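Engineer: Before I ask anything, let me first share the structure, which is written out below as structure tokens.
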Amino acid sequence: MTMEITRRSLLNGILASTASMTLSPTVFSMVGPGPSIIRLSSNENPYGPSSKALKAAAKASAKGAYYPGRIAAELMQMIADKNKLEINQIAISSGSNEALSAAVVGWGKSGKIISPSLTYDLHLGYAQRIGTKVLRVPLDNDMSIDLDAMHAAVDKSVSMIYLCNPNNPTGKTIDGDTLRNFCRVVGKKVTVLVDEAYNELTDNPEYTSMVDLIREGENVIVMRTFSKLYGMAGMRIGYAMGREDLITKVRNHVMAWPNIVGLAAAHACYNENDFIKFSLNKINQGRALVNKVFIEHGIKPLPSETNFVFADIGRNVKNFEIKMRQENVLVHREYSLYPNHLRVSMGKMEDLQIFADAFKKVYTS
């Protein structure tokens, strides 16, 4: 509660300081969900940005006439230091999706990209539209990523394997050592791109992450974002980590520069441990509540170490999502391969209670 009051007070102060500007309520109605809408469809973290990030963003926006300058390099150095890497092993991007797109386009010029059949794939769709071939490998029977099948699919026509760990939308995490062994073996043939957007939310981030393989010089690229743990989805800051030659190739295909406001906010909160602990706690509380709602209705959710939960609700999600929307609660649309599986993102606790009531109403009607 104290942190929320601080953030609200800070935001009010920011608005008051812009007395020379006329800010219509219409402007705010175009940003984020409407005041009566509970949005649990986009894996956002509504508890961010932190107060430090907001303050830094406000100061940076006053210099919005200028290109960012050295703050990008300073943020890269902070990321390098934290991960025991060199600055030339880091690339900053406009959200991690920009760096992901750069990677699959860059490697897609020389071969196919292998991906799980159900995973985060906006960057893959973009690459396909400009000519990259993507081979999608079915999930295992328990909806885990089938590493053996993906390895078996590698031949001379393949240039890269893409993995999201934990996977989106299933929420399932590949065991750290299992994935580490996979990367060492497969990395001798093709580059392994590991999307760690949710790594910082896992029970053991260091064990789950493949950053140690970068320090060993393996053929691995790791992607991270400020959109989840830090609650900065709208500020669009992400980054890639990897061997210098791999990062140079990613950087050479990045098209969008990060913005000065997002860079300043990321710089301010990257090592903000108090907010990080607060954010993790709220996400864990929310996940427990959503799991409880599913279980109370006889639904078994998949194990998740993310800010969303995925479950087979035993009915068509397309119709269910429409009915939830009529209750002003937005959940994710259906997935074509799994039409009965629903993904619910974390929101503030009061929003998740509204979700619980709406879910009960729609599910039992």
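The values are calculated or read from the model by the stated rules, or taken from the named source; none is laboratory data. Computed from a predicted model, the values in this text were never measured in an experiment. Neighbour counts are summed over all protein chains in view; Cβ atoms, including those assigned to glycine, are modelled from backbone coordinates with ideal geometry.
Engineer: Looking at Asp203, Asp142, Asp155 in this structure, which one is within 20 Å of the chain's Cα centre (by Cα) and acidic (Asp, Glu)?
Structural biologist: The conditions single out Asp203.
Engineer: Now a separate question. Please find, within segment 30-40, the residue that is modelled with the lowest pLDDT out of those that are surrounded by 10 or more Cβ atoms within 10 Å (Cβ to Cβ) and under 27 Å from Leu263 (Cβ atoms).
Structural biologist: This residue is Gly32.
Engineer: Mind counting the residues in segment 193-218 that are under 15 Å from Asn167 (Cα atoms) and of a type outside the set (Ser, Thr, Tyr)?
Structural biologist: The qualifying residues number 11.
Engineer: Can you confirm whether segment 283-298 contains a residue that is surrounded by fewer than 20 Cβ atoms within 10 Å (Cβ to Cβ), among the β-branched types (Val, Ile, Thr), not assigned by TED's automatic domain parsing to the domain that holds Asp203 and not in a loop (DSSP other than H, G, I, E, B)?
Structural biologist: The answer is yes; a qualifying residue exists.
Engineer: May I ask you to list the residues in segment 201-224 that are in contact with a helix residue (DSSP H, G or I) (Cβ under 8 Å, 6 or more places away or on another chain), surrounded by 15 or more Cβ atoms within 10 Å (Cβ to Cβ) and not in a strand (DSSP E or B)?
Structural biologist: Residues satisfying the conditions are Leu201, Thr202, Pro205, Thr208, Ser209, Met210, Asp212, Leu213, Ile214, Glu218, Asn219.
Engineer: Please go through segment 65-80 and pick out each residue that is of a type outside the set (A, V, I, L, M), in contact with a helix residue (DSSP H, G or I) (Cβ under 6 Å, 6 or more places away or on another chain) and surrounded by fewer than 18 Cβ atoms within 10 Å (Cβ to Cβ).
Structural biologist: The one that is of a type outside the set (A, V, I, L, M), in contact with a helix residue (DSSP H, G or I) (Cβ under 6 Å, 6 or more places away or on another chain) and surrounded by fewer than 18 Cβ atoms within 10 Å (Cβ to Cβ): Gln77.
Engineer: Taking segment 310-334, which residues are under 18 Å from the mean Cα position of the chain (by Cα) and surrounded by fewer than 19 Cβ atoms within 10 Å (Cβ to Cβ)?
Structural biologist: If the condition is that a residue be under 18 Å from the mean Cα position of the chain (by Cα) and surrounded by fewer than 19 Cβ atoms within 10 Å (Cβ to Cβ), then Arg333 is the only one that fits.
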